[in-house]
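Down below is the structure, laid out as structure tokens.
The values are calculated or read from the model by the stated rules, or taken from the named source; none is laboratory data. Since the structure is predicted, the reported quantities are computational estimates derived from the model, not experimental observations. A quick note on method: Cβ atoms are made from the backbone with ideal geometry, for glycine too, and the neighbour counts reach across all protein chains shown. All accessible areas refer to the heavy atoms of the entire protein, side chains included, with ligands and DNA or RNA removed. Shrake-Rupley method; radii C 1.70, N 1.55, O 1.52, S 1.80 Å.
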Amino acid sequence: FVGFSVSNPLHASCSVQWTFPGMQCDNVKGKIKAQIMKWSDDTNCLKGGEKCLYTLGTETTNELTAKHETPKKHYKDSLTFTFSFSANGCNTQGKSTSDTWYAVLDYGTNYCNLHNLITGSGLSNVTGYTESTSNSICTQYSSADCEKY
């Protein structure tokens, strides 16, 4: 496959770690949940990109699940956000995995599924915010174009 290397996960997926200093995890979860709801219909798809067609799943004290559907081919991805509070603030792990069993490459779609929610909700503007991922745990991360996906 073009663009495939052993450094990519074997299935189209992405894992990202974020830190939101000084924030309670309930607030972080609330902002992500609100953004999922805001982008639940296809209105934003009309502008191009994929900041649309999110569906809220389950919610517990420290976890939130959702689905994202790509607007053109209607592929579905499963998203999970896990929240843990520390002295630093809220540490959040995001995972997005293609529901299509044979998906290997995704053009960074699974990364963008997560990243778009963080930026759309304004969480990326929190002072001291950090994001950590790499190609080895996030399919095609370094070539992701989140304005398109």
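Counting every Cα pair in the chain, what percent are over 23 Å apart?
32
Helix 109-120 versus the longest principal axis of the chain: what is the Cα-based angle in degrees, 0 to 90, to the nearest 10?
30
Just subtract the alpha-carbon distance of Asp145 and Lys72 from 0.36 nm times their residue separation and send over the number in nm, one decimal.
Gain on extension, Asp145 to Lys72, equals 24.7 nm.
Among the aspartates and glutamates, which fall within straight-line cross-link reach of Lys38, defined as a Cα-Cα distance under 16 Å, with same-chain neighbours fewer than 8 residues apart omitted?
Counting by Cα, and skipping residues close in sequence, Lys38 has these aspartates and glutamates nearby: Glu50, Glu69.
Specify the angular offset, from 0 to 90 degrees and rounded to the nearest 10, of the alpha carbon long axis of helix 25-38 from the longest principal axis of the alpha carbons in the chain.
So the inclination is approximately 50 degrees.
Please identify the trypsin sites (Lys or Arg not before Pro) of the range 59-149 that satisfy two criteria: DSSP loop assignment and at most 14 other Cβ atoms within 10 Å. Which are they?
Within the range 59-149, the qualifying trypsin sites (Lys or Arg not before Pro) (loop, at most 14 other Cβ atoms within 10 Å) are Lys72, Lys73, Lys148.
Run the accessible area of the chain with a 1.4 Å probe and give the carbon-and-sulfur part as a rounded percent.
Answer for the chain is 53 percent, counting heavy atoms of protein chains only.
What's the percent breakdown of Cα-Cα distances in the range 77-149 across 10 Å bins, shortest bin first?
Going from the shortest bin to the longest, the percentages are 17, 52, 26, 5, 0.
When ligands, DNA and RNA are left out and all protein chains stay put, how many square angstrom of accessible area per residue does the chain have with a 1.4 Å probe?
Normalised by residue count, the accessible surface of the chain is 52 Å².
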